[in-house]
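Single-structure report; data block below.
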Amino acid sequence: MSKLKLLPILLCGLALCTAAHAENDAPPASPVMREVSPGIYEIGQIHLDQKARTVTLPAVLNMNDGNLEYLLVTEQGNTHESLLVSDVSPSDLHFAMLLLGAKGSGQHDGNMPPAQIDSKFLKDAPKIKGDNVSVTLRWKAGDAEKTAPAEDLIINTETKKPMERGPWVYNGSMFNDGHFLAQIEGAHASLVTYPAALINNPRKGSDNDQIWIVNTKAIPAVKTPVDVIITLLSNPDAKPKAP
């Protein structure tokens, strides 16, 4: 994609960042973007590879045991129930995904999710729609580099097996009164249906906030740096390959 073709997307992304920070008095800081090499961009801490259709962002392993509702949040999100934490802004990640070509579901001012996800909301929540993405995690174990689908680090207590491998849905969050909810809630990726998050889990069990736990046999130590690699899948029905 040429820089001229990127311009409309850039303008859209800048408008998003403005809306996401509308509640602040100070002018919003647009994400700093630079081209490292042809098709390779850095947007703050995010690495974007147009040819590979990936964005990569840094995080840390946040939990080594317990129940989960989120895969990834910011420090302002629900860290007590998230596998990973990152200081990358959700608005910056959405900006990068727009550049990559993701569209999301375009939800605006629809039925707002509650401040606290509960069983009643999950039971009645509509199916999340958007772009299929894979989520791969990469970290160092001594001198060795390890990679795994994010699903491998999460157990479904109903099946007593790791989460089923397959695509996640990039729905792109939603707006309410000009506020970008992913930014407000610090929600990058959710295991249970949550329209405010950028990414949602489409698998059976996404309507149950009691069945997802940490796979203690597969995770690295807490505070281990982890790269989160999000790949926009070209075929909506494609499944990511096992690393």
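The values are calculated or read from the model by the stated rules, or taken from the named source; none is laboratory data. All values reported here derive from a predicted model rather than from experimental measurement. Please note: Cβ atoms are built from the backbone with ideal geometry, for glycine as well, and neighbour counts cover all protein chains shown. Side chains included, ligands, DNA and RNA excluded: accessible areas come from the protein's heavy atoms. Shrake-Rupley method; radii C 1.70, N 1.55, O 1.52, S 1.80 Å.
Considering A148, A189, A197, A144, the condition of being without any contact (Cβ under 8 Å) to a residue 40 or more places away in the chain and of a type in the set (A, V, I, L, M) is satisfied by A144 alone. Of the residues making up the stretch 209-243, those that are of a type outside the set (K, R), more than 17 Å from L72 (Cβ to Cβ) and modelled with pLDDT under 90 are S234, N235, P236, D237, A238, A242, P243.
Kindly indicate which of D65, D87, D92 is assigned to a loop (DSSP other than H, G, I, E, B), within 22 Å of S173 (Cβ to Cβ) and open to solvent by 10 Å² or more (accessible area, probe 1.4 Å). Result of the check over D65, D87, D92: D87.
Working only within the stretch 154-180, note down all residues that are in contact with a Phe, Trp or Tyr (Cβ under 7 Å, 6 or more places away or on another chain) and not hydroxyl-bearing (S, T, Y). Hits for the stretch 154-180 are I154, N156.
One residue stands out in the stretch 127-141 among those that are of a type in the set (A, V, I, L, M, F, W, C) and under 18 Å from V192 (Cβ atoms): the one that is most open to solvent (accessible area, probe 1.4 Å), namely I128.
Taking the listed residues D177, D207, D152, D143, the one that is among the charged types (D, E, K, R) and within 23 Å of V85 (Cβ to Cβ) is D152, with no other qualifying. Would you check if H47 is in contact with an Asp or Glu (Cβ under 9 Å, 6 or more places away or on another chain) and free of Cβ contacts under 8 Å to residues at least 60 places away in the same chain? Yes, satisfied.
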